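The values are calculated or read from the model by the stated rules, or taken from the named source; none is laboratory data. Not measured: the values here are computed from a predicted model. A quick note on method: Cβ atoms are made from the backbone with ideal geometry, for glycine too, and the neighbour counts reach across all protein chains shown. Protein only, heavy atoms only, side chains kept; ligands, DNA and RNA dropped before computing areas. Shrake-Rupley method; radii C 1.70, N 1.55, O 1.52, S 1.80 Å.
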Amino acid sequence: MDDCISSDEDYYDSDRDSLHGLENEDSEIQRVPKTPSTKVITKESLLAAQKEDMRRVMDLLSLREYHARTLLIHYRWDVEKLFAVLVEKGKNHLFATAGVTMIENRSNSSSEASSMVMCDICMEEVHGNDATRVDCGHCFCNNCWTEHFIVKINEGQSRRIRCMAHKCNAICDEAVVRTLVSKRHPDLANKFDRFLLESYIEDNKRVKWCPSTPHCGNAIRVEDDEFCEVECSCGLQFCFSCLSEAHSPCSCLMWELWIKKCRDESETVNWITVHTKPCPKCHKPVEKNGGCNLVSCICGQAFCWLCGGATGREHTWSSISGHSCGRYKEESEQKAERAKRDLYRYMHYHNRYKAHTDSFKLESKLKESIQEKISISEERESMLRDFSWVNNGLSRLFRSRRVLSYSYPFAFYMFGDELFKDEMTEAEREIKQHLFEDQQQQLEANVEKLSKFLEEPFDQYTKDKVMEIRMQVINLSVITDTLCKKMYDCIENDLLGSLELGIHNIAPYKSKGIEKALELSACWNSKANTSDKYPPSDCGTSGGLSECERLTSLNSEENGCSSRKRARAEVVTGNFFDLNLPAEVVDRN
């Protein structure tokens, strides 16, 4: 369920100039624009994002580019973890575990080129020009190297191709791999380059593909907490942790279980258990449609509805011939009662979840009608030119309704027996449930009030009536925002925070809505000339192109997924002001 208005930059800006005079001059609180902590990585900016992290490692350790890439792939592109290992265990341990081997010089390379070399793989002598020695010092013929590289690339091991020597963990130079493979299979060499490039997304826990359908081709990188909800530039809002739709205050596990429960036939099974009995002959479920306790299946078998046992067809109004089942069986009765209770409990939470979800969809259609009302009011009223309070209230309604909708799946699992049965006593569960439901009830009541006032035909009202509605909308917007914050605080501290299990993390609540990720610039500029500072690799070019030019070209041409962009949700036009300010302060001007 996406927020219909989610732009952080355009939110809370209206009436800002007019409110400056109302602010306390001695206030130490300053509004500083916060830089978004999420970035959109497109196919064009993927190379720049990868270079950015490699540059940090190259500057610190004075490494070649492919050595820095090898280190980062081993540590899953976690630069901070790489630096921590360097400080704690030293440079030698860092290189050894990642398979990076540094060679001081290659003084004997010219003599090898003019001599014969024995290949320990195929056991044949080849000319020195037909053999390649890698950083670890092992030398084999080019044919054996090429076959080895082709096999590893086809097996999906392009990111870390090890040396062929026995018990050697050194990672082969990517330039050597590229040069040898491109002579025989140019397409496979391009595949190798693409795997290296996409390693920044596939192996990086801070970067994930956008789950849009059809795929927009973008990836999202988070800088801080991975338990967050983000909005891609294509307009899709999703949970970064599990890649499903944004679902806070539900944890990822709760939402996964809820979706499965809503989609599978588990509740159908519960209904069948409560309302039907299995035939003792064909075992098909039979529903009773009359008052008599002797029922017949379509297969012809007669059985007793009370106990489910097979019987004959002879019976009277009070008994069945040759059959008696008056003895109480506690186990079967308890099973039926438990199934009935679970079904009614699920229906309670699902009905309210669906009701608020449907309300959200219907209220999303208010945007167009509200814009028409604003246009009419602005033409009719010469005094009231600023109707941004309507758009602000609508934004708050969408976000509060969304929180309220997902709070019911959270309550279903939080106070049920599936996840936290052993975490709380019955008394603790009851206290916490009452605390949460009180806050949920307050939020629900104020959201419905806000929805009612926004649906008012204010374009037909007098100026005094419009001002009255304006005050109500502003006050209710502030109240619902405060109640949402309190609900999240209750969930994080009083409910989930007191549990021993730490797997139920939720995305934090943000008054401005889900953060919209900014696109990462595709331009990558080095501060220093890398060719002067770092020694070039032996085979750093392919087909006359530099590595940067080749990867840039590859990045723009190789597109493993559709490049069609999802149409962005239409953003309601109009100015915004700070909903967190009291209505009296806003109205003074």
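Annotations for the structure displayed:
- Leading residue by the ranking (nearest to the chain's Cα centre (by Cα)) among those in the stretch 443-483 that are surrounded by fewer than 16 Cβ atoms within 10 Å (Cβ to Cβ), under 21 Å from Ser359 (Cα atoms) and in contact (Cβ under 8 Å) with a residue 40 or more places away in the chain: Glu455
- Of all residues in the stretch 48-79, those satisfying the criterion of being touching a residue at least 40 places away in the same chain (Cβ under 8 Å), over 14 Å from Glu202 (Cα atoms), aliphatic (A, V, I, L, M) and surrounded by 20 or more Cβ atoms within 10 Å (Cβ to Cβ) are Met58, Leu63.
- Number of the condition not met by Phe140 [criteria: (1) over 36 Å from the mean Cα position of the chain (by Cα); (2) surrounded by fewer than 18 Cβ atoms within 10 Å (Cβ to Cβ)]: (2)
- Residue that is farthest from Met102 (Cα to Cα), among those in the stretch 112-142 that are outside any loop (DSSP other than H, G, I, E, B), in contact with a Cys (Cβ under 7 Å, 6 or more places away or on another chain) and not β-branched (Val, Ile, Thr): Asp130
- Residue within the stretch 556-566 that is at pLDDT below 80 and part of a helix (DSSP H, G or I) present: yes
- Taking the criterion of being open to solvent by 60 Å² or more (accessible area, probe 1.4 Å) and under 35 Å from the mean Cα position of the chain (by Cα), the only residue of the stretch 174-189 that qualifies is Asp187.
- Single residue of Glu468, Glu456 found to be outside any helix (DSSP H, G or I) and in the same structural domain as Phe410 (by the TED database): Glu456
- Ser407 vs. criteria open to solvent by less than 50 Å² (accessible area, probe 1.4 Å), touching a residue at least 60 places away in the same chain (Cβ under 8 Å) and within 30 Å of Leu253 (Cβ to Cβ): yes
- Evaluating Ile503 against the criteria (1) assigned to a helix (DSSP H, G or I); (2) of a type outside the set (Asp, Glu); (3) surrounded by fewer than 15 Cβ atoms within 10 Å (Cβ to Cβ) leaves one unmet condition, (1).
- Among the candidates Gly497, Gly513, residue that is open to solvent by less than 10 Å² (accessible area, probe 1.4 Å) and part of a loop (DSSP other than H, G, I, E, B): Gly513
- Single residue of the stretch 150-165 satisfying the filter (more than 18 Å from Met102 (Cα to Cα), without any contact (Cβ under 8 Å) to a residue 40 or more places away in the chain and of a type in the set (A, V, I, L, M, F, W, C)) that is least open to solvent (accessible area, probe 1.4 Å): Ile150
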